[in-house]
Amino acid sequence: PLTLVVSINRDTKAITLNNEPFGDVSDPEKLENKLREIFAERERNGVIREGTNEVEKTIFIKSPKSVRYGDVVKVIDAAKTAGASPIGLQIDDLSE
């Protein structure tokens, strides 16, 4: 699937990419490297974002409101460094 969703676990601060574990917020380098790999593969295979001539590098970061802002920023920075664009934010547990 083209959709990339990075989730941050509220309790453990673990990071997952499409439900696969990729370290935690204290060291998002594993996530960054995997995203680079995915984007490079998409470039090689000509996976283009619909309506543009750009490689599909859209990513969504999903985090509970209770996760510290600084931890979310670390994950956003890792995604940006890997080349992700645009980056969408999804807030979980809106009822809390």
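The values are calculated or read from the model by the stated rules, or taken from the named source; none is laboratory data. Note that the structure is a prediction, hence the values are computed from the model and not measured. For neighbour counting, all protein chains shown are included, and Cβ atoms are generated from backbone atoms with ideal geometry for every residue, glycine included. To get the accessible areas, we keep the full protein, side chains included, count just its heavy atoms, and leave off ligands, DNA and RNA. Shrake-Rupley method; radii C 1.70, N 1.55, O 1.52, S 1.80 Å.
Could you estimate the translational diffusion coefficient of region 24-76 from the Stokes-Einstein equation, with Rh from the Kirkwood formula over C-alpha pairs, at 10 °C and 1.306 mPa s, in whole µm²/s? Present the calculation step by step, with values, prior to reporting the outcome.
Details: Rh = 12.8 Å.
Calculated translational D: 124 µm²/s.
With only alpha-carbon atoms counted, please give the Rg and Dmax of region 1-44, in Å.
Reported Rg and Dmax, both Å: 11.0, 37.
With a sphere of radius 12 Å drawn around the Cβ of Leu89, what net charge do the other residues whose Cβ falls strictly inside it have (Lys, Arg +1; Asp, Glu -1)? List each step's numbers first, then the result.
Working: positive: Lys62, Lys65; negative: Asp92.
Here the count lands on +1.
Over 16 Å apart: what share of the alpha carbon pairs of the chain falls there, rounded to a whole percent?
Numbers: 2368 of 4560 pairs.
Percentage above 16 Å: 52.
Using 12 Å as the cut-off for backbone N distance, which residues of region 1-45 belong to the label zone defined by a point 7 Å from the Cα of Asp77 along Cα→Cβ?
The answer is 26-29.
Residues of the chain: accessible area per residue at 1.4 Å, in Å²? Can you show the working numbers first?
On the way: 5920 Å² over 96 residues.
Computed with neighbouring chains in place, this is 62 Å² per residue.
Where both partners of a DSSP beta bridge lie in the chain, what percent of those bridges are antiparallel, to the nearest 5?
On the way: 9 of 18 bridges.
That works out to approximately 50 percent antiparallel.
Within the accessible area of the chain, what % is carbon and sulfur when the probe is 1.4 Å and the other protein chains stay in place?
On the way: 2870 of 5920 Å².
Summing carbon and sulfur atoms, their accessible area is 48 percent of the total for the chain.
Taking springs between alpha-carbon atoms closer than 10 angstrom, which of Asp27, Asp77, Asp11 fluctuates most in the Gaussian network model of the chain?
Answer for the Gaussian network model of the chain: Asp11.
Grab the Cα-Cα distance for Arg10 and Ser66, subtract it from 0.36 nm times how many residues apart they are, and report the gain in nm with one decimal.
Working: separation 56, 0.36 × 56 = 20.16 nm, distance 0.67 nm.
Additional length available on full extension: 19.5 nm.
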